[in-house]
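Asker: So that we are looking at the same thing, I have put the structure below in structure tokens.
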Amino acid sequence: MMTLSDWLAHCERLHPSTIELGLERVQRVREQLGLRFEVPVFTVAGTNGKGSTCAMLESILMQAGYRTAVYGSPHLVRFEERMRLNGEVVAAELLLPHFEAVEAARLATGQSLTYFEFTTLAILRAMSVQSLDAVILEVGLGGRLDAVNIIDTDCAVITSIDLDHMDWLGPDREAIGREKAGIMRPGRPVVVSDPVPPQSVVDHAEALGADLWRFGRDFNYAGDRQQWGWSGRGRRWNALGYPALRGANQLINAAGVLAALEAMRSCLPVPAQAIRNGLALVELPGRFQVVPGQPTLVLDVAHNPHAAAVLAQNLDQMGYFPRTHAVLGAMADKDLAGLVAPLLPLVDTWHLCALDIGRAASPEQLRAAIETAVAARPVDAAPLPPQRIVLHADPVAALGQSLKSADPTDRIVVFGSFHTVGGVLQKGLPRLGAAHVGPAAGAPTKAA
């Protein structure tokens, strides 16, 4: 196997299941590799907001002069996006010897690894040999049994907790919270930025003896349209600019980030200017990303009802657009009716697309979900836009048709899955009309 593509194809063939939760097999390979970190590790779990939280941690720490490595999944376009060194996507060639090392350790221990487990081990090993000051790890699924959890965290961060992956994590928020709480470690800080966390998260922290930082009790934020402030245990940051990542929910994520940095201040002190610069310069594609041009194009990887509700709120705050066109592709195992329901009052035309992955819902299934969501609305609910529906073979075709039918003053939103947004980005965004003079209405700028 000479290339990264060769190794990824090999990983896909190794295990009959895409997901097999459990740490025993991956722990044995980790021990064979001698994999460990000698620098502080942040581990981030949650239903939504994990990627944004990791990106803000990374940006602020880099502005403070620290050398960072970030692991996150899934990727949008290229596998290498899953690992960033000092803010830069890693080169494929750097990963190759670590895939070889994982394969040798796997064979030596006789373990079968899933694609996610194998690639996680390879990236963790690639990180472990770098000269770093801090490591940031994003959990893939759940927490307790996720492959990332083989690394003991120095500071756990749990973002929002909502209903997703229920076949694997449990039927309600309490069960899902219990799984995500598995990243905590005794005596070490855990920051919970969900304003109303499941009781299972609080109970686990107390039973474990973790240092629990709760939103609203140990840290909080307040702000107006111009600036915001954060307060924690004996420390306060005032007159902060809004994060460059758009969306009202980003303040909750940012508040959790500042709490995590405060909890780790003894080993990673961060000055005020690094916080200001880090928030102003943070970037993360596909999270309420507004592409300059006409019509306005919004890319968002929202793929569950909670994230879709946040997306709808953010779209509603952008200002007036005569029509909104939605490009939607999603996984069949999601709550599809719940995914589309929050956007029904905003969308005039749905461009539903297939995705090149076995788990994907067909355009016909997506149409049925829209019909179900419309039928479930209360009889006294406000009238909806016309809800026109067009079916497409892939995201690129769906976006192309929506651009043809949209007026320059309209808005197009691409959402539903990393594969939907990634499918558009992989082919290159189409040339839009005249660029906007400024950012989309209602969205803070990087200089804000």
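Asker: Tell me, what HN-Hα J-couplings in whole Hz come from the Karplus equation 6.51 cos²θ - 1.76 cosθ + 1.60 at θ = phi - 60° for each residue of the range 221-235, using x for Gly and Pro?
Answerer: 9, 8, x, 10, 6, 9, 7, 9, x, 10, 10, x, 6, x, 9
Asker: Oh, and also: HN-Hα J couplings of the range 70-81 from phi, Karplus 6.51/-1.76/1.60, θ = phi - 60°, integer Hz, Gly and Pro as x?
Answerer: 10, 10, x, 8, x, 8, 8, 10, 10, 4, 4, 4
Asker: If you don't mind, there's one more thing I want to ask. Collect residues whose amide H, placed 1.01 Å from N in the peptide plane, falls under 5 Å from the amide H of Thr296; neighbours closer than 5 in sequence don't count.
Answerer: Close amide H contacts, sequence-distant or interchain: Asp410, Ile412.
Asker: A follow-up question, please. Taking loop as defined by DSSP and a crowding limit of 14 other beta carbons within 10 Å, which trypsin sites (Lys or Arg not before Pro) in the range 229-322 fit?
Answerer: Qualifying residues, ordered by number: Arg233, Arg235, Arg265.
Asker: Report, by chain and number, residues whose modeled amide H sits under 5 Å from the one on Leu212, excluding near sequence neighbours (fewer than 5 apart, same chain).
Answerer: Val190
Asker: Using Cα centres only, tell me the gap between the range 84-162 and the range 255-315 in whole Å.
Answerer: 23
Asker: Something else now. Which trypsin sites (Lys or Arg not before Pro) in the range 1-92 pass both tests, a DSSP loop state and at most 16 other beta-carbon atoms within 10 Å?
Answerer: For trypsin sites (Lys or Arg not before Pro) across the range 1-92 that sit outside H, G, I, E and B with at most 16 neighbouring Cβ atoms in 10 Å, the list reads Arg36, Arg67, Arg78.
Asker: Okay, next question. Take the Cα atoms of the range 229-301, find their three principal axes, and give me the spread along each one in whole Å, biggest first.
Answerer: 47, 21, 20
Asker: Rounded to a whole number, what % of the accessible area of the chain do carbon and sulfur atoms account for, probe 1.4 Å?
Answerer: Looking at the chain in its full context, I get 50 percent from C and S.
Asker: Hey, what number do you get for the chain at 222 nm if only DSSP H runs of n ≥ 4 count, each worth -39500 (n - 2.57), divided across all residues, to the nearest 500?
Answerer: -11000 deg cm²/dmol
Asker: Could you order the peptides 326-335, 190-199 from most to least packed, using the average number of other C-beta atoms within 10 Å per residue?
Answerer: On the way: 326-335: 23.3, 190-199: 21.6.
Result, highest mean Cβ count within 10 Å first: 326-335, 190-199.
Asker: For the range 1-114, report the accessible area per residue in Å² (1.4 Å probe, heavy atoms, rounded to an integer).
Answerer: 43
Asker: Sorted from largest down, what three extents in whole angstroms do the Cα atoms of the range 126-283 have along their principal axes?
Answerer: Sorted from largest, the Cα extents of the range 126-283 read 42, 39, 29 Å.
Asker: Right, here's the next one. For the range 191-207, what does the Karplus curve 6.51 cos²θ - 1.76 cosθ + 1.60, with θ = phi - 60°, yield as ³J(HN,Hα) per residue in whole Hz, taken in order and with x for Gly and Pro?
Answerer: Running phi through 6.51 cos²θ - 1.76 cosθ + 1.60 with θ = phi - 60° gives 9, 10, 8, 5, x, 10, x, x, 4, 4, 5, 5, 4, 5, 4, 5, 5 Hz.
Asker: Could you state, as a whole-number percent, how many of the C-alpha pairs of the range 16-131 are farther apart than 20 Å?
Answerer: Values: 2995 of 6670 pairs.
It works out to 45 percent of all Cα pairs.
Asker: Let me ask something else. Please list, ordered by chain and number, the residues whose modelled amide H lies under 5 Å from the amide H of Ile161; skip anything fewer than 5 residues away on the same chain.
Answerer: Counting only residues 5 or more places away or on other chains, the set is Thr47.
The values are calculated or read from the model by the stated rules, or taken from the named source; none is laboratory data. Since the model is a prediction, treat every value here as computed from it, not as a measurement. Note that each Cβ is placed from the backbone with ideal geometry, even for glycine, and that neighbours are counted across all protein chains shown. All accessible areas refer to the heavy atoms of the entire protein, side chains included, with ligands and DNA or RNA removed. Shrake-Rupley method; radii C 1.70, N 1.55, O 1.52, S 1.80 Å.
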